[in-house]
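The values are calculated or read from the model by the stated rules, or taken from the named source; none is laboratory data. From a predicted model like this one, the values you see are computed outputs, not experimental measurements. Cβ atoms come from the backbone with ideal geometry, glycine included; neighbour counts cover every protein chain shown.
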Amino acid sequence: MLETSAGGLVVRGLERAASGPQPDLSRLEVALIGRLDRRGRMLWSMPKGHIEPGETVEETARREVLEETGVDGTVLAALGTIDYWFVAEGRRIHKTVHHHLIRYDHGELCDEDPEITEVAWVPFDDLPRRLAYPDERRLVEAARTLLPQLVHAEVAGDNPPPADAQVVDPSRRADGPTPVRRTGARGSAAAPRDDTPEESGP
């Protein structure tokens, strides 16, 4: 079976990182999600989830970040794609995950999503030690290459402005009626989320 997801690296502090002649990426923070594995270990990763019908990968990345972390942002750049195989309920699944660099714009961290154990802002320099999966650690190196240009663009006002803040319908975080995703004052229906667990890989 084939599955496709999207998510990304949510970064805050772009303007703060521009405090010197060269961008100081150590001043950036990234929103990560933590899940306990079967051995009780906390595994930290980037937020991500399944693409819903009619969504672009960028729209999915933004929605999944909001649902899993409580914060909202703007997609600034493609970061890279990870693909891997895993087995769930006797099925062998090939999963592709599209990652993006996302600027934090709105909201506060929230771990109400029942699939998430903990959420946290993590210093950018701590990511190689904190992230559980090697493929995601490699994406950090791609981000390290892209971020200086995005820092300069943020200060110059060349990055996209923040979009209206999104709101997660509470039914997306628990069993309930068909969920509705709302952006600002305008609402749009969303298909029910596929909550197939990711048994291995990011």
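Brief remarks follow.
- The residues on offer are V11, V65, V57, and the sole one that is β-branched (V, I, T) and in contact (Cβ under 8 Å) with a residue 60 or more places away in the chain is V11.
- Scan of the range 118-159 for residues that are outside any helix (DSSP H, G or I) and hydroxyl-bearing (S, T, Y), ordered by number: Y133
- Scan of the range 90-105 for residues that are surrounded by fewer than 17 Cβ atoms within 10 Å (Cβ to Cβ) and under 21 Å from E52 (Cβ atoms), ordered by number: R91, H94, T96
- Qualifying residue in the range 70-88 (condition: out of contact with any strand residue (DSSP E or B) (no Cβ under 8 Å at 6 or more places or on another chain) and under 17 Å from G7 (Cα atoms)): no
- Within the range 26-59, being in contact with an Asp or Glu (Cβ under 7 Å, 6 or more places away or on another chain) and within 28 Å of H152 (Cβ to Cβ) holds for S26, M46, P47, K48.
- The residues of the range 83-101 that are in contact with a helix residue (DSSP H, G or I) (Cβ under 8 Å, 6 or more places away or on another chain), over 21 Å from D113 (Cβ atoms) and either among the small types (G, A, S) or at pLDDT 90 or above (or both) amount to a single one, L101.
- When T81 is tested against the conditions (1) under 14 Å from the mean Cα position of the chain (by Cα); (2) β-branched (V, I, T); (3) crowded, with 16+ Cβ neighbours inside 10 Å, the lone failure is (3).
- When we screen A77, A61, A88 for residues that are small (G, A, S) and in contact with a Leu (Cβ under 6 Å, 6 or more places away or on another chain), the only hit is A77.
- Exactly one residue among A153, A120, A174 is of a type in the set (G, A, S), at pLDDT below 95 and more than 19 Å from S5 (Cβ to Cβ), and that residue is A174.
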